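Written below as structure tokens is the structure these notes are about.
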Amino acid sequence: MKIAVVGAGVVGIVTAYELALDGHSVTVLEKAAAACEGASFANNGVVAPSFTQPFSTPEWRGNGFTRLVRSARRLTRSPWRSGQQLKWLRRWTKLHSPHNLAEVQRHGQQLAAYSSACLTHVADACKLELERSDGQLLLLRTATVPDELQPVLEVLKAQDTLWKLLSADEAREHEPALHSAAPFQGALWLPGNQVVNCRQFALLLRQEAQRLGVQFRFNTVVEQLHVHTKPSLDLTSGDGPETQSFDHIVFCTGGLPDLLPAALRQSVPMMALHGYVLSVTVREPLNAPRSAVQDLQSGISINRLGQRIRVSGGAELGEDTNTKDDATVNQLYRALEQYYPGAANYPSGTQVWRGTRHLVADGMPLIGPSGLAGVSLNLGHGANGWTLACGSARLLADLVGAKDTALPTAHLLPTRFAA
Ligand SMILES: Cc1cc2nc3c(=O)[nH]c(=O)nc-3n(C[C@H](O)[C@H](O)[C@H](O)COP(=O)(O)OP(=O)(O)OC[C@H]3O[C@@H](n4cnc5c(N)ncnc54)[C@H](O)[C@@H]3O)c2cc1C
């Protein structure tokens, strides 16, 4: 089939690669001048088969109202929320109630584990040399596991995902540079989680996709979708406006683009959640993290990525204002100095990036037929998009090719919210 993939983030690139592997003729259309200029630009790089990314789930403790208030407080810097945000927050907390949390977590971990295996397979098959490291420590302010983590651990146990509760001293055996005064008394060690450079992976895989015949068109904005006998797209690029028809179109645009019909967009409870990543050069490797560390209380992650350290945190619901919140950014600097003093060389290169995660209220992405003939979606991966990218792409390619999928997909289909 002649297939268009809209979006050249990590999800679009792996999707194009998998579709080309299946023998399709694929063109990737991207409005930016280069690949991975959106959410895949400078993310934290954590591949978490345990599905433990911060902000991927709301607060679990308390009754419905308390969870709503706590979740809202965690996700916004402004005291007011729009009606639409409140509606989404209500749905998000409801769909993650203690009653169905284990089920949500099980689905997430199943896709995350499959994706992590697909990532290893693709990286090995293409002999990609990637910046990576193994293991993640979730730092606890107390020596015991807090109650709210118990449901997650139950699912981790049931799925044979390895984790271990460590004392602070044992945690330092994995991360010897953690400062002696850092505020933690224990940690959960997740040896199956890893840090892998997302953008590096996507850019290298783009070259492999091109070898398979995939065409990449940058500076090309997809303006309009038409669904007649064959789907077609109105495009604008340096060559002017044009219309192209395809046998199939896959949207890998992170969020739901406005050009999709209003009925489809309104049926899906999706919200944009902005976050920050501070990237700094390592000054002294002995003072720097070896792999990934996350302070569970603040949600701030500190990760090693080659010669850089990435510190990530903050979550802001709402419109993309492009303004950075100084208080959140300062919190990231403070966390790095608190946990790994002396690790960073700020003058030799510091980047503060504000990126956007598109979160579906039930925590799962939208993968598969959109309900419009010849149009599929692979988007809405939220805080776990890098973790889920490779498995989502393989599932999508199997669905497009009407093949059996490795996992059940009913809870991933974009049409699952339709009344
Ligand atoms: C601060 C932060 C930290 C994160 N950390 C992690 C992490 O540690 N681990 C993890 O698993 N995930 C993480 N994520 C999530 C992950 O980065 C994203 O889920 C993932 O990158 C999404 O990839 P994507 O390809 O779907 O979207 P994007 O990378 O945003 O790509 C979408 C592309 O579509 C293009 N596009 C959109 N509309 C059009 C149009 N009309 N015409 C043409 N092109 C269009 C855009 O220009 C863009 O390039 C993080 C996200 C953020 C913001």
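What to note about this one:
- Residue in the stretch 167-183 that is closer than 28 Å to ARG106 by Cα, under 24 Å from the mean Cα position of the chain (by Cα) and among the aliphatic types (A, V, I, L, M) present: no
- The lone exception for ALA418 - which of (1) crowded, with 24+ Cβ neighbours inside 10 Å; (2) at pLDDT below 95; (3) away from the ligand (no atom under 11 Å from the Cβ) it fails: (1)
- If you check GLY38, GLY62, GLY12, GLY23 for being more than 16 Å from the ligand (Cβ to nearest atom) and at pLDDT 95 or above, only one passes: GLY23.
- Test result for ALA102, aliphatic (A, V, I, L, M), touching a Ser or Thr at 6+ places or on another chain (Cβ under 9 Å) and either surrounded by 20 or more Cβ atoms within 10 Å (Cβ to Cβ) or modelled with pLDDT under 80 (or both): no
The rows are residues; the columns are (1) under 30 Å from LEU395 (Cα atoms); (2) of a type in the set (D, E, K, R); (3) under 22 Å from the mean Cα position of the chain (by Cα).
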{"position": "GLU223", "(1), (2), (3)": "yes, yes, no"}
{"position": "LYS230", "(1), (2), (3)": "yes, yes, no"}
{"position": "GLY240", "(1), (2), (3)": "no, no, no"}
{"position": "THR253", "(1), (2), (3)": "yes, no, yes"}
{"position": "MET270", "(1), (2), (3)": "yes, no, yes"}
{"position": "VAL277", "(1), (2), (3)": "yes, no, yes"}
{"position": "PRO289", "(1), (2), (3)": "no, no, yes"}
{"position": "THR323", "(1), (2), (3)": "no, no, yes"}
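- Which numbered condition PRO231 misses (of (1) more than 30 Å from ASP124 (Cα to Cα); (2) crowded, with 17+ Cβ neighbours inside 10 Å; (3) touching a helix residue (DSSP H, G or I) at 6+ places or on another chain (Cβ under 9 Å); (4) of a type outside the set (S, T, N, Q)): (3)
- Filter result (part of a strand (DSSP E or B), free of Cβ contacts under 8 Å to residues at least 60 places away in the same chain and under 30 Å from THR328 (Cβ atoms)) within the stretch 341-374: PRO347
- Criterion (crowded, with 24+ Cβ neighbours inside 10 Å, within 16 Å of the ligand (Cβ to nearest atom), not basic (Lys, Arg) and not in a helix (DSSP H, G or I)) met by exactly one of LEU377, LEU396, LEU388: LEU377
- Every condition in (1) more than 10 Å from the ligand (Cβ to nearest atom); (2) closer than 30 Å to ALA187 by Cα; (3) charged (D, E, K, R) holds for ASP234 except the one numbered (2).
- Residue in the stretch 334-355 that is of a type in the set (Lys, Arg), surrounded by fewer than 22 Cβ atoms within 10 Å (Cβ to Cβ), within 17 Å of the chain's Cα centre (by Cα) and modelled with pLDDT of 90 or more present: yes
- Among the conditions (1) touching a residue at least 60 places away in the same chain (Cβ under 8 Å); (2) surrounded by fewer than 21 Cβ atoms within 10 Å (Cβ to Cβ); (3) of a type in the set (D, E, K, R), the only one that ARG310 does not satisfy is (2).
- Evaluation of PHE184 against (1) in a strand (DSSP E or B); (2) crowded, with 19+ Cβ neighbours inside 10 Å; (3) modelled with pLDDT under 95 (one fails), failing number: (1)
- Any chance GLY306 is at pLDDT below 95, within 30 Å of LEU139 (Cβ to Cβ) and more than 10 Å from the ligand (Cβ to nearest atom): yes
- Residues of the stretch 239-277 satisfying the condition of being closer than 24 Å to GLU37 by Cα and touching a Lys or Arg at 6+ places or on another chain (Cβ under 7 Å): LEU256, LEU273, HIS274, GLY275, TYR276, VAL277
- Residue check for PHE218: within 10 Å of the ligand (Cβ to nearest atom), at pLDDT 95 or above and either surrounded by fewer than 16 Cβ atoms within 10 Å (Cβ to Cβ) or aromatic (Phe, Trp, Tyr) (or both): yes
- If you go through the stretch 119-148 and pick out every residue that is among the small types (Gly, Ala, Ser), closer than 19 Å to ALA202 by Cα and either surrounded by 15 or more Cβ atoms within 10 Å (Cβ to Cβ) or modelled with pLDDT under 90 (or both), you end up with 2.
- Residue tally, condition closer than 22 Å to THR415 by Cα and free of Cβ contacts under 8 Å to residues at least 60 places away in the same chain, over the stretch 211-268: 11
The values are calculated or read from the model by the stated rules, or taken from the named source; none is laboratory data. Not measured: the values here are computed from a predicted model. Neighbour counts are summed over all protein chains in view; Cβ atoms, including those assigned to glycine, are modelled from backbone coordinates with ideal geometry.
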